[in-house]
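Right, one structure below, let's go through it.
The values are calculated or read from the model by the stated rules, or taken from the named source; none is laboratory data. Quick caveat, the model's predicted, so the values are computed rather than measured. No Cβ is skipped: glycine too gets one built from the backbone with ideal geometry, and neighbour counts run over all protein chains shown. Please note that ligands, DNA and RNA were not included when accessible areas were found on the heavy atoms of the full protein model with its side chains. Shrake-Rupley method; radii C 1.70, N 1.55, O 1.52, S 1.80 Å.
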Amino acid sequence: MARQLLDEGPNEILFVGTARGTEARLVPEAGCDFVSLPARGFDRSRPWTAITAGLTAVGGAFRALGVVRRFRPDVVVGFGGYVSMPVGLAAIVSRVPLVLHEQNSVLGLANRTLARWAKAVALTYPVTSAALRGAGEVVVTGNPVRRSVLDARREDGRKALEVPEGALLLLVFGGSRGARHLNETVVAMYPRLKEVDGLHVVHVAGSAEHESVRSTLASLGGSADSRYRVVDYLDGMGEAIAAADLVVARAGATSIAEITVLGRPTVLVPYPYATDDHQTRNAQAVMAAGAAVVVADADLDGPMFPETVLGLVHDEDRREAMARASAVLGRPEAG
């Protein structure tokens, strides 16, 4: 969203985040001014961590008040992260209009707390509006997606991944958290996947898991198979999604936004330990639109997951119908 405002210019953006988050590196690289504030979450299984998180939030709120009063913004926008709470409170105290965005189907704690004072709340999923009684204007905008994803083209992705145009491409990726079970299950399918003529697999296993996935692949005799590629990370994720005929992924809001804006059929496996099980809710919304099949993480070890994936690999008509539904669900104008 910040990038779009800068492109539309002349607009001045100050991005507030944490010093430990990836935003500390990515935001300055994108050309935005950046200020860090102390903020941290707490572990619900260890209630005493709420004390340190609360004390940090109080300190962050005073710092945020200074930031808002120095920068004097016309509007403050919160996306629900740890920093949203102190900055949102500073906006309210300073009488600066506050706009919130909720990327998931379930309101996070910060957005749930701040919504009653917000001038507007932007949502990814219509179902979330039921939890916003008493809030200001509520608008279903979708989840903003990077320009590099919006501009991604199938032919460019195929070329970058060295996948022939006539081949069938299965793209697999998890996320920064909770991908191990998914990684293990997919690579264990290698003996069955290699039997499918013309099928190529690009498996983005993550930095913490790719060596383990490669090791398992080698034990199954696939280390020299050019049709099954394991990588830790892809710079051109948008191009990879655009190039894919079928995607297997967790159900994080950003992943779903990128998949649907490019109109790809998907098998979604929600991360089971997400707060308030929001990934399952996200996935159900996509499934209800006809754009995805949802498999619970608990079902990964049974026959349901491989049968679902291989069934779609062999069913071009169903993939095309899901792709059309996915494209309807995607919102390229969300930013």
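If I filter the range 114-130 for residues that are of a type in the set (Phe, Trp, Tyr), farther than 20 Å from Glu258 by Cα and either within 17 Å of the chain's Cα centre (by Cα) or part of a helix (DSSP H, G or I) (or both), do I get at least one hit? So far as the range 114-130 goes, yes, one or more of its residues are of a type in the set (Phe, Trp, Tyr), farther than 20 Å from Glu258 by Cα and either within 17 Å of the chain's Cα centre (by Cα) or part of a helix (DSSP H, G or I) (or both). Would you say Ala242 is among the small types (Gly, Ala, Ser) and under 26 Å from Leu109 (Cβ atoms)? Against the criterion (among the small types (Gly, Ala, Ser) and under 26 Å from Leu109 (Cβ atoms)), Ala242 does not qualify.
Taking the range 114-124 as the range and being surrounded by fewer than 22 Cβ atoms within 10 Å (Cβ to Cβ) and touching a helix residue (DSSP H, G or I) at 6+ places or on another chain (Cβ under 6 Å) as the test, only Trp117 passes. Of note, Ala160 does not satisfy the criterion of being at pLDDT 90 or above and either under 17 Å from the mean Cα position of the chain (by Cα) or more than 30 Å from Arg227 (Cα to Cα) (or both). Count of the range 292-302 residues, restricted to those that are open to solvent by less than 30 Å² (accessible area, probe 1.4 Å) and touching a His at 6+ places or on another chain (Cβ under 9 Å), is 2.
Within the range 307-317, does at least one residue satisfy the condition of being over 27 Å from Thr216 (Cα atoms), among the aliphatic types (A, V, I, L, M) and over 15 Å from the mean Cα position of the chain (by Cα)? For the range 307-317, residues over 27 Å from Thr216 (Cα atoms), among the aliphatic types (A, V, I, L, M) and over 15 Å from the mean Cα position of the chain (by Cα): absent.
Taking each residue of the range 295-319 that is over 20 Å from Asn282 (Cα atoms) and looking for partners that are open to solvent by 90 Å² or more (accessible area, probe 1.4 Å) and of a type in the set (Ser, Thr, Tyr) with beta-carbon atoms closer than 8 Å, six or more apart or interchain, yields nothing. Looking at Asn104, Asn111, just one residue is surrounded by 23 or more Cβ atoms within 10 Å (Cβ to Cβ), of a type in the set (S, T, N, Q) and within 23 Å of Cys32 (Cβ to Cβ), and that residue is Asn111.
In the range 176-193, which residues are open to solvent by 40 Å² or more (accessible area, probe 1.4 Å), assigned to a loop (DSSP other than H, G, I, E, B) and out of contact with any Phe, Trp or Tyr (no Cβ under 7 Å at 6 or more places or on another chain)? Break it down into steps so the answer makes sense when it comes.
Within the range 176-193, the first condition is being open to solvent by 40 Å² or more (accessible area, probe 1.4 Å), and the residues that meet it are 176-177, 180-181, 184, 188, 191-192.
Restricting the remaining residues to those that are assigned to a loop (DSSP other than H, G, I, E, B) gives 176-177.
Correct list: Ser176 only.
Of the residues Thr254, Thr260, Thr216, Thr275, the single one that is polar (S, T, N, Q) and buried (at least 24 other Cβ atoms within 10 Å of the Cβ) is Thr260. So is Gly136 at pLDDT below 90 and not charged (D, E, K, R) or not? Answer is yes for this residue. On the given criteria, is Ala224 more than 15 Å from Leu329 (Cα to Cα) and either out of contact with any Ser or Thr (no Cβ under 9 Å at 6 or more places or on another chain) or modelled with pLDDT of 95 or more (or both)? Yes; evaluated as a whole, the condition is true for this residue.
How about the range 132-166: which of its residues are touching a strand residue (DSSP E or B) at 6+ places or on another chain (Cβ under 9 Å) and within 24 Å of Ala289 (Cα to Cα)?
Let us first name the residues in the range 132-166 that are touching a strand residue (DSSP E or B) at 6+ places or on another chain (Cβ under 9 Å), namely 132, 135-144, 157-158, 161-164.
Within the range 132-166, Leu132, Val138, Val139, Val140, Thr141, Gly142, Asn143, Pro144 meet the criteria.
Across the range 210-226, the qualifying residues are those that are in a loop (DSSP other than H, G, I, E, B) and among the hydroxyl-bearing types (Ser, Thr, Tyr), and the one among them that is farthest from Val196 (Cα to Cα) is Ser223.
Just give me the residues in the range 278-291 being open to solvent by 10 Å² or more (accessible area, probe 1.4 Å) and either modelled with pLDDT under 95 or within 18 Å of Thr128 (Cβ to Cβ) (or both), in sequence order.
Restricting attention to the range 278-291, the residues satisfying the condition of being open to solvent by 10 Å² or more (accessible area, probe 1.4 Å) are 278-281, 284-285, 287-290.
Scanning the range 278-291 gives His278, Gln279, Thr280, Arg281, Gln284, Ala285, Met287, Ala288, Ala289.
Can you name every residue in the range 131-150 that is assigned to a loop (DSSP other than H, G, I, E, B) and either crowded, with 17+ Cβ neighbours inside 10 Å or at negative phi (or both)? Give the derivation first.
Here is the first cut: in the range 131-150, the ones assigned to a loop (DSSP other than H, G, I, E, B) are 132-136, 141-146.
Within the range 131-150, Leu132, Arg133, Ala135, Gly136, Thr141, Gly142, Asn143, Pro144, Val145, Arg146 meet the criteria.
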